[in-house]
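To keep things clear, I will list the structure first and then write my remarks on it.
The values are calculated or read from the model by the stated rules, or taken from the named source; none is laboratory data. Model, not experiment: these values are computed from the prediction. Using ideal geometry, Cβ is built from the backbone for each residue, glycine included, and neighbour counts are taken over all protein chains shown. Each accessible area value is taken on the protein alone, full model and side chains, heavy atoms only, with ligands, DNA and RNA left out. Shrake-Rupley method; radii C 1.70, N 1.55, O 1.52, S 1.80 Å.
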Amino acid sequence: MAATDFNAGPVSVRKIETLVVVTLRHLPEAADTLVTALRAVGISAAPNPGQVLGQNPWALWRSPSEVILLATHRNHTDAAVAAMVGTSLACAVNQTDGVLALELQGPQLDDLLLRLVDSRSLPRSPGTASRARVADIAVTLVRHESDRLWMLTERPQADYLMNWLKHAGAALEP
């Protein structure tokens with residue numbers, strides 16, 4: 001990961017350049033295929049809504065038919081992708097190039113986020129994730145620690161999203 005790219009007030013924001021993002025999608029009849037793919041990378045079950053499982057790779061629930069697999073290196077996801085090959089009811093889609101991943105960290109992280117997202121959309125405890133909207137941009141929030149969170153969105157939204165983070169962070173300055 002790179003050094004701090006900028007500060008959103010008291011919250012540091014870094015681009016995560018090394019994050020691999022793979023979507024595992026399946027029809028209900030292929031739920032076993034999903035679990036097999038997750039077990040291939042050391043995750044014993046599919047996550048429940050709002051839950052994040054694993055420690056690199058991480059699996060997070062996105063919808064009843066979709067799990068997002070995150071890892072810091074491609075070899076952490078290759079086995080899951082291979083387990084989905086040849087299955088007509090499930091697939092793995094590498095979205096790494098299209099996803100902007102930001103790490104936000106600081107003691108006022110929740111103060112910043114509450115200026116940008118609906119409070120009900122904020123994952124509060126480590127090991128949880130949620131989908132939310134920030135300035136009409138769809139984001140996925142992954143809580144790692146009380147003061148550290150990953151924010152994932154589509155890469156073309158980068159400048160707009162970072163400007164909103166800076167704007168909201170400026171209101172937190174003393």
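So if I take the alpha carbon set of segment 29-174, get Rg, then get Rh from the Kirkwood formula, what is the Rg over Rh ratio?
Working: Rg = 16.1 Å, Rh = 16.1 Å.
Taking Rg over the Kirkwood Rh, I get 1.00.
Largest first, the residues Trp58, Trp164, Trp150 sort by 1.4 Å accessible area into Trp164, Trp58, Trp150. Please say if segment 1-108 is rounded, prolate or oblate, where rounded means a/c under 1.5 for a ≥ b ≥ c the square roots of the C-alpha gyration tensor eigenvalues, and otherwise the choice is prolate for a/b larger than b/c and oblate otherwise? Prolate shape, in that a/c is at least 1.5 and a/b is the bigger ratio. Rounded to the nearest 20 debye, the dipole size of the chain about its Cα centre is 160 debye, using +1 on the Cβ of Lys and Arg and -1 on the Cβ of Asp and Glu.
Across all C-alpha atoms in segment 125-174, the radius of gyration and Dmax reach 11.8, 32 Å.
Heavy-atom accessible area for Val81, with the other protein chains in place and a 1.4 Å probe, reaches approximately 50 Å².
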